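Student: Following this message is one structure expressed as structure tokens.
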Amino acid sequence: MLPAAAVFHFPWEINSGEVQEGLSVRLLGRLVCYQPEESRATLSAQHASKEHQVVVHTLFVEPFNPIIGAQYIVLGEIENAEGVGAMVRARVLNCVDGVNVALLQKATNEQRSFFREREHTPGDAEQTAHAT
Amino acid sequence: MQAPTMDPAGEPPSMLWGLDPIFSAFARLYVRDILQMTESTQVPGIYFYNSHPIYKVDVLGTVVYQREREDFFCYGVDDGTGVINCLCWKNDLFKEEENSSKSSVKPSDGGFNPGSELKKLRQAQQSRCRLEIGELLRVRGPVKTSRQQREIMASCFYKVNDPVMAVQIAWMMEVPQLYRQCYDKPLQLQPTATGESAVSSIGKATNIIKDFFKQKSVSRFRPYDVQDLLQPLIPRQPQTAPADQEPVAGPSACQQLRQLLKDALKILQDEGIVYRKVKSQDELYHVTAQDKDLLIAVKDIIREDCKREKYAEKGCHILHILSAVRQRYSLNVSRAALELVLKSLECNSDVVSTSDSHYTVF
């Protein structure tokens, strides 16, 4: 069976509780810490002069080559773990070091604003999509 | 939407599908939209996004599901908006590879070995077709519905090497633009002669005027002579308002008519079908093909100048004829008009073209 679509999110949205448990997300962050014995990695990203960290459960993507300080993209489901809060159970974890972070953020926002625009205007797209 | 162009099922008639450029393109739709578009009731395998008929799509996404069968791969592709199954047939080369990989190829001793090169090529191809979860796949092909599930029957698919996400980012930036410029815009088709769009009404206006020239053998006219001909092209305004009420803002029918006539005459002038011999207050237009004086003038110029040694062999160049016509006949003759004159002279064998742009007489 196909998993749910992993929608682009920003790391600071995970901890702020905007994303519900069980939802599929994809996010980008710098690997700052990896604890293989617990299958736990921590991705970090800066936003508004604050450091935001997201814990990633890496059991499904092991073994992987952890490069501390490199950018990683993760696809997975949000889970609430005790003592950690929101955690991403990774299905995919790729190293994409060298990625243009600002441009990816811009592209993500672009995509979001496009969908927002389409849903707010009395969308012909939605109408036809739900017709019949 | 536009009720008259729809059949009862709410689809544009199939006869018009081919006129939609998106129909014959691989549409770069979001997977979410591919999963949600409605299938045609007239022809299964055709889908409608925003009334655009679509049957093949172009998708880029992460592989999140993978199965290999004897003849094909099945990949679940996630583009961040949805996940869709892609059926990717193994091609013949791929199968050959599997067979030949069992038989050993002789190792060459350093020289160029076509056998081993071919093997490398096949391996490269194979590695681009066999993807693991987490890798990026680009797939194009028709959309199918099997067992109530939408899937893409790949006509072309390959692994995309995107170590710094440049391809994905470019795609994410481009697709919303495509939606805004193409997919979300309703198709403007005018199957009936309602002349609603400005472009088609100008085309119709020029055709009406041209027909009028032909039927009546008009040689000269003034704009008001043809103005009434274009009257049917101006949509009539509903006469519901009481007579004493102020007319609503916006161009009146009369203004629209004058503008349309002006545009049509401009096009006819650009095409050389009409020209103004003298630019004066009196807007008098000459119909090029019917202007006997112009025909004679051009013929005379060619006849006279071809006697000169310089032009005797090759004939006169069209630009030379043009400048001579402008000097001796009228300053306002355009090249397009002259070309029409030369064409009609040539049809009557009054002049002969010796090359693309040289004319002579015998």
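The values are calculated or read from the model by the stated rules, or taken from the named source; none is laboratory data. Note that the structure is a prediction, hence the values are computed from the model and not measured. Neighbour counts run over all protein chains shown; Cβ positions are idealised from the backbone, glycine included. Ligands, DNA and RNA are stripped out before the accessible areas are found, and what is left, the full protein with its side chains, is counted by its heavy atoms. Shrake-Rupley method; radii C 1.70, N 1.55, O 1.52, S 1.80 Å.
Student: Angle, helix B:253-271 long axis vs. longest principal axis of chain B, Cα atoms, 0 to 90°, nearest 10?
Tutor: Computed tilt is about 90 degrees.
Student: Something else: Select from the range A:1-21 all residues whose loss of accessible area on going from the chain by itself to the full protein assembly reaches 20 Å² or more (probe 1.4 Å).
Tutor: A:Met1, A:Leu2, A:Pro3, A:Ala5, A:Phe8
Student: Percent of accessible area on the range B:291-361 owned by carbon and sulfur, 1.4 Å probe?
Tutor: For the range B:291-361, the apolar C and S fraction of the accessible surface comes to 48 percent.
Student: Here is a follow-up. Using Cα atoms only, what is the angle between the long axis of helix B:198-216 and the major principal axis of chain B, expressed in degrees (0 to 90) to the nearest 10?
Tutor: Value to nearest ten degrees: 40.
Student: I would also like to ask the following. Note the angle between two axes, namely the Cα long axis of helix B:318-328 and the longest principal axis of the Cα atoms of chain B, as a number of degrees from 0 to 90, rounded to the nearest 10.
Tutor: For B:318-328 against chain B, the angle is about 30 degrees.
Student: Then there's this: Per residue, what accessible area does the range A:7-121 have, given a 1.4 Å probe and all protein chains present, in Å²?
Tutor: Value for the range A:7-121: 50 Å² per residue.
Student: So which lysines pass the test for B:Lys292, namely a Cα distance under 25 Å, with those fewer than 8 places away in the same chain ruled out?
Tutor: B:Lys210, B:Lys214, B:Lys216, B:Lys266, B:Lys277, B:Lys279, B:Lys307, B:Lys343
Student: Exposed loop sites here are GluC sites (Glu not before Pro) in DSSP loop states with at most 13 other C-beta atoms within 10 Å. What is the longest stretch of chain A lacking them?
Tutor: Excluding the exposed sites themselves, the longest stretch runs over A:22-81.
Student: Continuing with this model, one more query. Per residue, what accessible area does the range B:291-361 have, given a 1.4 Å probe and all protein chains present, in Å²?
Tutor: 55 Å²
Student: State to the nearest 20 debye the size of the charge dipole of the protein assembly as shown about its Cα centre, where the only charges are +1 on K and R beta carbons and -1 on D and E beta carbons.
Tutor: Its charge dipole is roughly 1720 debye.
Student: Here's a follow-up. What trypsin sites (Lys or Arg not before Pro) in the range B:29-71 are in a loop by DSSP, with at most 15 other Cβ atoms within 10 Å of the Cβ?
Tutor: When the trypsin sites (Lys or Arg not before Pro) of the range B:29-71 are filtered for loop state and at most 15 Cβ neighbours within 10 Å, B:Arg69 remain.
Student: Continuing with this model, one more query. Could you list the GluC sites (Glu not before Pro) in the range B:9-84 that lie in coil according to DSSP, counting only those with at most 16 other Cβ atoms within 10 Å of their Cβ?
Tutor: In loop regions of the range B:9-84 (DSSP not H, G, I, E or B), the sparsely surrounded GluC sites (Glu not before Pro) are B:Glu70.
Student: Averaging sequence separations of C-alpha pairs under 8 Å and six or more residues apart, then dividing by the length of chain B, give the relative contact order as a whole percent.
Tutor: 11 percent
Student: Continuing with the same structure: Computing the accessible area with a 1.4 Å probe over protein heavy atoms, can you report the carbon and sulfur percentage for the range B:115-169?
Tutor: Of the solvent-accessible surface of the range B:115-169, carbon and sulfur hold 52 percent.
Student: Between chains A and B, what is the buried accessible area summed over both chains (1.4 Å probe, protein heavy atoms, nearest 100 Å²)?
Tutor: Buried area between the two chains comes out at roughly 3100 Å².
Student: Just in the range B:256-362: which GluC sites (Glu not before Pro) are loop by DSSP and have at most 12 other Cβ atoms within 10 Å?
Tutor: Listed in order of number, the matching sites are B:Glu283, B:Glu313.
Student: At a 1.4 Å probe, which residues in the range B:110-150 are at least 10 Å² less accessible with all protein chains present than in their chain isolated?
Tutor: B:Ile133, B:Gly134, B:Gln149
Student: What translational diffusion coefficient, to the nearest whole µm²/s, does the range A:7-121 have by Stokes-Einstein, given a Kirkwood radius computed over alpha-carbon pairs, a temperature of 20 °C and 1.002 mPa s viscosity?
Tutor: 148 µm²/s
Student: On to the next question. Build a GNM of chain A with springs between Cα atoms under 10 Å: which of A:Ala45, A:Ala90, A:Ala102 gets the top mean-square fluctuation?
Tutor: Result for chain A, Cα springs under 10 Å: A:Ala102 fluctuates most.
Student: In whole percent, how big is the carbon plus sulfur part of the accessible area of chain A, probe 1.4 Å, protein atoms only?
Tutor: Exposed carbon and sulfur together represent 51 percent of the surface.
Student: What residues in the range B:36-69 lose 40 Å² or more of accessible surface when the other protein chains are added to their chain alone (1.4 Å probe)?
Tutor: Residues losing area: B:Gln36, B:Thr38, B:Asn50, B:Val64, B:Tyr65.
Student: Taking beta carbons within 10 Å but only from partner chains, what does the mean come to for residues A:61-73?
Tutor: Whole-number average of other-chain Cβ neighbours for A:61-73 is 1.
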